[in-house]
1. Name the residue that is surrounded by the fewest Cβ atoms within 10 Å (Cβ to Cβ), counting only residues in region 43-70 that are over 23 Å from the mean Cα position of the chain (by Cα) and not in a loop (DSSP other than H, G, I, E, B).
2. Under 8 Å between Cβ atoms, at least 6 apart or on separate chains: pull out the pairs that start in region 1-30 with a residue that is over 18 Å from residue 42 (Cα atoms) and end on any residue that is part of a loop (DSSP other than H, G, I, E, B) and of a type in the set (Val, Ile, Thr).
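Every number here is computed from the coordinates shown, using simple stated rules; none is lab data. Quantities reported herein were computed from a predicted structural model and do not represent experimental measurements. For neighbour counting, all protein chains shown are included, and Cβ atoms are generated from backbone atoms with ideal geometry for every residue, glycine included.
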Amino acid sequence: MNSEILKEIDEIFRALVKIKEFKYTYNKLYIFLNKSNFQEKIEEMENKKNRTPYTIFINEQLDNGIPLKNVLELWDKTKKNKNDLGVYIKKCKLKDN
């Protein structure tokens, strides 16, 4: 997990346990965090930020076993063809929802 995010979480936990009415300890908060799927959600959000028609195309081609050199050449052809590019733009929009 990103160290900046962990630092922010730690600061929040430290601030929370200082509140007199707050009933959980610092350690208990980390137990809750570790039991959650927080890390997976953060990674999913980061992946969504980086998802573009280009990355979808590249990943699909690599998953299909096409060598990277060929994938990059295919992308040059695909991005010049509005219909082919449109397919990946739609896939990008669908995955954002």
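1. 69
2. 17/25
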